[in-house]
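Report on the structure given below.
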Amino acid sequence: MVEHYPVLHREILNFFKNIKGKYIIDATVGGGGHSYILLKELKDIHIIGIDKDDYALERANERLSPFKGRFSIYKSSFKDLDEIVREAGLSKVSGVLFDLGISMFQLKNRRGFSFLRDEPLDMRMDKSQMLTAYNIVNTFSKIELEKIIREFGEEKFAKKIASEIVERRKKKKIETTKELADIVYHVYPPSLRRKKIHPATKTFQAIRIAVNNELNEIKIGVNKGIDILEEGGIISVISFHSLEDRIVKNIYKERKRLKEVEILTKKPITPGTEELRENPPSRSAKLRVAKRI
């Protein structure tokens, strides 16, 4: 079983170690990696863990079992974290943590997130929702596909990729990650196919974001996270691509303008040499932290 590696966990612990209250929300509890470290090192805290992935919640419950009585787990989207707080009988909390990355166990669990294996086109975090990557790839118009791939993937070949997807699906439905990855690969000019980053990376990112409504949920969730913080409370967000980071940066700037937060990270914190050696996939992580005033 591959454990979820908690990205930038040393830095997260450093920001949360001096909080005055008891309750910290792990809004993306995943496999429980960050929560485990916080519960282990900060003896007086209680974690409220949120995730909409059933498999993640099972893993988190198992991982955090040594701290029985000090954590509560809820199946929900972090856009509803204010409702979860009320359900927990609270009005404010001392800390909120978001890790917006995909966990290794999700990549390896035949969910269609990765183009490295041949899997059904799914990409749902919450398996109970209706919309899947298969629906988007096989039913959305060429204009809609181009918009998703361009805006959410920042992909310069978005128009060509969308056109090729539409042409290919006229002959046969596109059913697997390999089929989609091959389409993107062959749209790319030969000179760009052998670069370090696979040609399909941005397209897969874009479709995953669209399936899970990720950017809109980040905007709602981060703003609500600030709203429910008590004075002196800490919010930290780890993002993994420029669209997410830009949203977090702009929210912090606006809430600072309103004199609601102090930004504790003038520039985002990124993994150091030791972490990059331990966990190479962390290389794109960026951490931004703010304090409620």
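The values are calculated or read from the model by the stated rules, or taken from the named source; none is laboratory data. Not measured: the values here are computed from a predicted model. Glycine gets a Cβ as well: all are built from the backbone with ideal geometry, and neighbour counts include every protein chain shown.
Please list, ordered by first then second residue, the pairs with beta carbon atoms under 7 Å, 6 or more apart or interchain, first in region 279-293 and within 22 Å of residue 18 (Cβ to Cβ), second part of a helix (DSSP H, G or I).
287/11; 288/248; 288/249; 288/252; 289/15; 290/252; 292/226
Condition first: assigned by TED's automatic domain parsing to the domain that holds residue 275, within 18 Å of residue 226 (Cα to Cα) and either surrounded by fewer than 23 Cβ atoms within 10 Å (Cβ to Cβ) or in contact with a helix residue (DSSP H, G or I) (Cβ under 9 Å, 6 or more places away or on another chain) (or both). Can you find one or more residues in region 50-67 that meet it?
Among the residues of region 50-67, at least one is assigned by TED's automatic domain parsing to the domain that holds residue 275, within 18 Å of residue 226 (Cα to Cα) and either surrounded by fewer than 23 Cβ atoms within 10 Å (Cβ to Cβ) or in contact with a helix residue (DSSP H, G or I) (Cβ under 9 Å, 6 or more places away or on another chain) (or both), which makes the answer yes.
Residues are listed down the side, and each one gets a yes or a no for (1) out of contact with any Lys or Arg (no Cβ under 9 Å at 6 or more places or on another chain); (2) touching a residue at least 60 places away in the same chain (Cβ under 8 Å); (3) of a type in the set (A, V, I, L, M, F, W, C):
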{"residue": "197", "(1), (2), (3)": "yes, no, yes"}
{"residue": "213", "(1), (2), (3)": "no, no, no"}
{"residue": "237", "(1), (2), (3)": "no, yes, yes"}
{"residue": "245", "(1), (2), (3)": "no, no, no"}
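So is residue 76 more than 18 Å from residue 213 (Cα to Cα) and surrounded by 14 or more Cβ atoms within 10 Å (Cβ to Cβ) or not?
Numbers: more than 18 Å from residue 213 (Cα to Cα): no; surrounded by 14 or more Cβ atoms within 10 Å (Cβ to Cβ): yes.
So residue 76 does not fit the description; no.
Against the definition (within 16 Å of residue 115 (Cα to Cα) and surrounded by fewer than 16 Cβ atoms within 10 Å (Cβ to Cβ)), how does residue 208 come out, yes or no? Don't jump to the end; show me each part of the working.
Details: within 16 Å of residue 115 (Cα to Cα): yes; surrounded by fewer than 16 Cβ atoms within 10 Å (Cβ to Cβ): no.
Considered against the rule, which asks whether it is within 16 Å of residue 115 (Cα to Cα) and surrounded by fewer than 16 Cβ atoms within 10 Å (Cβ to Cβ), residue 208 comes out as no.
Among the strands (runs of 3 or more DSSP E) contained in region 29-112, which hold 3 or more residues that are over 18 Å from residue 16 (Cβ atoms)?
Values: elements: 46-51, 71-75, 93-99.
Strands (runs of 3 or more DSSP E) meeting the threshold: 71-75.
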